[in-house]
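The values are calculated or read from the model by the stated rules, or taken from the named source; none is laboratory data. Keep in mind it's a predicted model, so treat the numbers as computed, not measured. When we count neighbours, we look across all protein chains shown, and the Cβ atoms used for this are built from the backbone with ideal geometry, even at glycine.
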Amino acid sequence: MRSDLDLELVSLTKRYGDTTAVDAINHLFHAGTYACLLGPSGCGKSSTLRMLAGHETVSDGNVLLGGRDIGRLPPAKRGTAMMFQSYALFPHLNVTENVGFSLKMKGTDPDKRRKAAMEMLELVDMTHLADRLPDQLSGGQQQRVALARALITRPQVLLLDEPLSALDPFLRVRMRSELRKLQKELGISFIHVTHGQDEALALADEIVVMNNAVIEQAGPTRDVFDRPATAFVAQFLGSHNVISLAEGKVAVRSDELRLATPGAAKLEGRIITVEYQGTHVALTAKVAGDQEVTALLTDKDFFGAPKDVGEAVGLDWDGTAAHPLRA
Amino acid sequence: MSELFKNRHVTGWLMASPLVLVLSVFLVMPIIMIAIVSFWGATEWSIYPAFQFDNYAFLFGSDVTYRVFFNTFKYAFITWVFCLGIGFTAAYFLAFHVRSLTWQVALFLLCTIPFWTSNIIRMISWIPFLGRNGLANSTLMSWGVIDEPLEWLLFSDFSVILAFVHLYTLFMVVPIFNTMMRIDRSLIEAAADNGASGWQTLWHVIVPLTKPGIMIGTIFVVTLVMGDFITVRFMSGSQSANVGRLISNDISLLQYPSASATAVVLLVTVLLVIGILLRFVDIRKEL
């Protein structure tokens, strides 16, 4: 289903001298989705985002927003807005002035500007700190101001560059639910760059996993998690075992593995670690070919028949739980 | 005794004492001395200790003083305008247009090369360039731009200010460059994201964030120009005066009390100027 506000990347490429940071990627972001660009550092996800924002020139290819090629327009003319990793709030301006900055640049008169800024601050619940300077705010508060400043330009797509990485873990979890709520309320697309798979899984409707300048796999979050296409995706998303079998490599979720008697199972090995994690117990065994395989067992299952390090054990799974991987 | 050394106030003062000693002997004492001498009396052939306001009365009563002070401010202001214009531009170029750190350092060192020779030599080298039959005049005449040598090139306010700008622009470049290098580059991207043009970014983001550097450079330039006497003497061919020359003339005539009084007034004036400047911008973050 195509809509007027879809964002499409057409063989988008970024080269720095001889190195290719983004190698001719194609992707369609449907309007109104929360998408996460996920990958390790240096995979090209940030370069991609910065090309969408207009802070990095496009070496080759196009960026289409609603059918319009925006790849060579100045940042403010694209219908996108960016929220920076360090928030990039202007330190000499107070919260209201920061939020109203784009209106000031357009020459909107001060009263209107202030009113519009206050509306945005209300959206992010920051009206009570409107006169503070960025230095006087906590990380979470700064982030809300940065959000308000990006949203006041009425973007069709909001680009977020590792927005949660500067926050402490507790705040990170809270802010991510707020981001999600805000996206639902506004109904615009959010494209969020992160290297944290938990963040991507928690937030995204759609995940785009990148590695080595290309898109490794893209799709609805659950599809990607349930059916990783490559060993890289399975390992990067975590909670998966990549097992080399005679018929090729397969990915099996750790919680799909169950213990069996050695000899009567698909794999057998020796337990090397047992880790108690509260609701679950993670049991790692070394199997043939020096591979390490982790099974995530519920605490009831494990303590019903406890095992020790060094014991031989069989590992089994349902045939449907194994997904063959592309080389 | 060992108890005494454990007291942090005592150790603090002990550690500060070498600097306190140096500053009090070489800075505070001389200033106090000058202040005291400024109240002394003098005749054509002698100086005698006294506490009288004759020197100040004469200073404030003479309209030469006002003209010379006005001239000093004029030099300081015009030099400041040019140093700021050139210094800001140079620092902006270094900080924002030169991408690689190596080039930044190289070009920055290039700026300091003139400082390898003394002030006086750099000043005097303008004279053969600007003189009536100097390089500038002969070049302009050979190009046919002018028919007669320009008289105002040398021994004029023009040459004085030219020399000041030449000597002191770097004092503006360094602090401004320093402040600019601390500006987070993502702020400039954020400004572009918010629709600011290049000039708007310069005016609404870079200039406000560079203010502390501008202020430090301003203090350097203003105090250096206001305290100068040799540049004015050489470059004006002894035809213009500033407060520094007034003091140096008095000293050469051994009129120490009068020189001291002028020095005290100049010191107070400069401190007032700096005080006013500091009210505008908080430079503590830079120090």
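Among the residues of the stretch B:144-152, is any surrounded by 19 or more Cβ atoms within 10 Å (Cβ to Cβ) and in contact (Cβ under 8 Å) with a residue 12 or more places away in the chain? No, every residue in the stretch B:144-152 fails to be surrounded by 19 or more Cβ atoms within 10 Å (Cβ to Cβ) and in contact (Cβ under 8 Å) with a residue 12 or more places away in the chain. Just checking, which of A:Leu103, A:Leu151, A:Leu167 is modelled with pLDDT under 90 and hydrophobic (A, V, I, L, M, F, W, C)? Testing whether each residue is modelled with pLDDT under 90 and hydrophobic (A, V, I, L, M, F, W, C) leaves just A:Leu167. Of everything listed in (1) surrounded by 16 or more Cβ atoms within 10 Å (Cβ to Cβ); (2) in a loop (DSSP other than H, G, I, E, B); (3) more than 14 Å from every other protein chain (Cβ to nearest Cβ), the single unmet condition for A:Thr48 is (2).
In the set (1) over 14 Å from the mean Cα position of the chain (by Cα); (2) buried (at least 17 other Cβ atoms within 10 Å of the Cβ); (3) more than 14 Å from chain A (Cβ to nearest Cβ); (4) within 27 Å of B:Ile276 (Cα to Cα), the condition left unmet by B:Thr218 is number (1). Restricting attention to the stretch B:255-287, the residues that are in contact (Cβ under 8 Å) with a residue 24 or more places away in the chain and surrounded by fewer than 13 Cβ atoms within 10 Å (Cβ to Cβ) add up to 3.
Taking the stated definitions as given, is A:Ser41 touching a residue at least 60 places away in the same chain (Cβ under 8 Å), within 14 Å of chain B (Cβ to nearest Cβ) and under 17 Å from the mean Cα position of the chain (by Cα)? No; evaluated as a whole, the condition is false for this residue. For the stretch B:94-130, residues that are out of contact with any helix residue (DSSP H, G or I) (no Cβ under 7 Å at 6 or more places or on another chain), small (Gly, Ala, Ser) and either more than 30 Å from B:Gly198 (Cα to Cα) or in a helix (DSSP H, G or I) (or both) total 3. With respect to the conditions (1) on the phi > 0 side of the Ramachandran plot; (2) in the same structural domain as A:Ala21 (by TED's automatic domain parsing); (3) surrounded by fewer than 17 Cβ atoms within 10 Å (Cβ to Cβ), A:Ala213 falls short on a single one, namely (3). A single member of B:Ile161, B:Ile214, B:Ile183, B:Ile219 is assigned to a loop (DSSP other than H, G, I, E, B) and either in contact (Cβ under 8 Å) with a residue 12 or more places away in the chain or under 19 Å from B:Phe93 (Cβ atoms) (or both), and it is B:Ile183.
The number of residues in the stretch B:115-174 that are modelled with pLDDT of 90 or more and acidic (Asp, Glu) comes to 1.
Which one is surrounded by the fewest Cβ atoms within 10 Å (Cβ to Cβ) among residues in the stretch A:220-241 that are part of a strand (DSSP E or B) and in contact with a Lys or Arg (Cβ under 6 Å, 6 or more places away or on another chain)?
For the stretch A:220-241, the residue satisfying everything is A:Thr230.
Summed over the stretch A:272-310, residues that are surrounded by fewer than 13 Cβ atoms within 10 Å (Cβ to Cβ) and either in contact with a helix residue (DSSP H, G or I) (Cβ under 9 Å, 6 or more places away or on another chain) or outside any strand (DSSP E or B) (or both) total 16. When you scan the stretch A:91-111, do you find a residue that is free of Cβ contacts under 8 Å to residues at least 40 places away in the same chain, in the same structural domain as A:His128 (by TED's automatic domain parsing) and touching a Ser or Thr at 6+ places or on another chain (Cβ under 7 Å), even just one? No, that holds for no residue. Scan the stretch A:147-161 for residues that are away from chain B (no Cβ under 12 Å) and in contact with a Ser or Thr (Cβ under 6 Å, 6 or more places away or on another chain) and jot them down. Of everything in the stretch A:147-161, just one residue is away from chain B (no Cβ under 12 Å) and in contact with a Ser or Thr (Cβ under 6 Å, 6 or more places away or on another chain), namely A:Val157. Restricting the stretch A:311-327 to residues that are assigned to a strand (DSSP E or B) and under 28 Å from the mean Cα position of the chain (by Cα), the residue that is surrounded by the most Cβ atoms within 10 Å (Cβ to Cβ) is A:Ala322.
Could you tell me which residue of the stretch B:179-202 is farthest from A:Lys104 (Cα to Cα), considering only residues that are at the interface with chain A (Cβ under 7 Å from one of its Cβ atoms) and among the hydrophobic types (A, V, I, L, M, F, W, C)? That would be B:Leu187.
Could you tell me how many of the residues in the stretch A:56-76 are within 20 Å of A:Val99 (Cβ to Cβ) and not hydrophobic (A, V, I, L, M, F, W, C)?
Selection size over the stretch A:56-76: 1.
Take the conditions (1) over 24 Å from the mean Cα position of the chain (by Cα); (2) assigned to a helix (DSSP H, G or I); (3) touching a residue at least 60 places away in the same chain (Cβ under 8 Å); B:Leu19 misses just one of them, which is (3). Taken over the stretch A:130-156, the criterion of being under 22 Å from A:Ala35 (Cα atoms) and either assigned to a strand (DSSP E or B) or free of Cβ contacts under 8 Å to residues at least 12 places away in the same chain (or both) is satisfied by A:Arg154 alone.
Could you count how many residues in the stretch A:127-173 are among the acidic types (Asp, Glu), closer than 20 Å to A:Glu199 by Cβ and surrounded by fewer than 23 Cβ atoms within 10 Å (Cβ to Cβ)?
2
Within the stretch A:281-313, the residues that satisfy the criterion of being under 23 Å from A:Phe225 (Cα atoms) and free of Cβ contacts under 8 Å to residues at least 24 places away in the same chain are A:Val281, A:Thr284, A:Glu292, A:Thr298. Within the set A:Leu164, A:Leu159, the sole residue that is in contact (Cβ under 8 Å) with a residue 60 or more places away in the chain, under 27 Å from A:Val63 (Cα atoms) and either touching a helix residue (DSSP H, G or I) at 6+ places or on another chain (Cβ under 7 Å) or part of a loop (DSSP other than H, G, I, E, B) (or both) turns out to be A:Leu159.
All of (1) out of contact with any Lys or Arg (no Cβ under 8 Å at 6 or more places or on another chain); (2) under 20 Å from A:Ser177 (Cα atoms) hold for A:Val124 with one exception: (1). With respect to A:Leu121, is the statement that it is out of contact with any Ser or Thr (no Cβ under 8 Å at 6 or more places or on another chain), buried (at least 23 other Cβ atoms within 10 Å of the Cβ) and closer than 19 Å to A:Pro155 by Cβ true? Criteria not met by A:Leu121. Based on what the data block shows, is A:Thr108 of a type in the set (Ser, Thr, Tyr) and more than 19 Å from A:Met83 (Cα to Cα)? Taking the combined requirement at face value, the residue satisfies it.
The requirement of being at pLDDT below 95 and either under 21 Å from the mean Cα position of the chain (by Cα) or away from every other protein chain (no Cβ under 14 Å) (or both) is satisfied by B:Ala241.
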